[in-house]
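A.B. asks: Got a structure here, written out as structure tokens. Questions coming.
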Amino acid sequence: MPRSNRPKRSKREEPEELNVAAVRFGSRRTEVKRGVVYIVQPTSGRNAEDDKSWICPNCHLTINQGTNHLVAWDDIRGVDTRRHFHTTCWSKFQGTLL
Ligand SMILES: [Zn+2]
């Protein structure tokens with residue numbers, strides 16, 4: 001179990017990279033990486049439960065609640081494989097989800 005890293009950030013931060021495409025916020029899409037089909041869903045993380053934060057599997061840094069990011073999962077194995085990624089990390093990510 002990952003320790004929950006201190007969430008509480010009073011002001012929400014918008015990473016600049018997000019301006020790039022603002023990624024058609026809210027629209028689910030599919031992407032193929034190394035022959036694996038992933039479902040990718042942009043999210044603000046704002047509907048998550050209080051104090052929720054996630055560890056990005058690409059950079060291993062915390063994604064705080066209220067930060068626009070992506071949730072991706074393996075289309076075959078289903079939502080149990082879903083992970084939260086920084087938007088830019090997802091585009092660099094080439095591995096497979098565990
Ligand atoms: Zn990341």
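A.B. asks: Scan the range 72-89 residue by residue and report those that are among the hydrophobic types (A, V, I, L, M, F, W, C) and more than 10 Å from the ligand (Cβ to nearest atom).
C.D. replies: Initial filter on the range 72-89 (among the hydrophobic types (A, V, I, L, M, F, W, C)): 72-73, 76, 79, 85, 89.
Residues satisfying the conditions are 72, 73, 76, 79.
A.B. asks: Enumerate the pairs (first residue in the range 78-92 and among the charged types (D, E, K, R); second residue anywhere and more than 9 Å from the ligand (Cβ to nearest atom)) with beta-carbon separation below 7 Å, excluding pairs fewer than 6 apart on the same chain, so at least 6 apart or on different chains.
C.D. replies: Listed by first residue and then by second, the contacts come to 82/71; 82/72; 82/73; 83/72; 83/97.
A.B. asks: Which one is least open to solvent (accessible area, probe 1.4 Å), of the residues in the range 69-98 that are touching a strand residue (DSSP E or B) at 6+ places or on another chain (Cβ under 8 Å) and in a helix (DSSP H, G or I)?
C.D. replies: 90
A.B. asks: Mind listing whichever residues of the range 51-71 are more than 10 Å from the ligand (Cβ to nearest atom) and either free of Cβ contacts under 8 Å to residues at least 24 places away in the same chain or touching a Lys or Arg at 6+ places or on another chain (Cβ under 6 Å) (or both)?
C.D. replies: 64, 65, 66, 71 - these are the residues of the range 51-71 that are more than 10 Å from the ligand (Cβ to nearest atom) and either free of Cβ contacts under 8 Å to residues at least 24 places away in the same chain or touching a Lys or Arg at 6+ places or on another chain (Cβ under 6 Å) (or both).
The values are calculated or read from the model by the stated rules, or taken from the named source; none is laboratory data. Remember, predicted model here, so these are calculated numbers, not experimental data. With ideal geometry, Cβ positions are generated from the backbone for all residues, glycine too; neighbour counts draw on all protein chains shown. We work out accessible area using only protein heavy atoms, side chains counted, and drop any ligands, DNA or RNA first. Shrake-Rupley method; radii C 1.70, N 1.55, O 1.52, S 1.80 Å.
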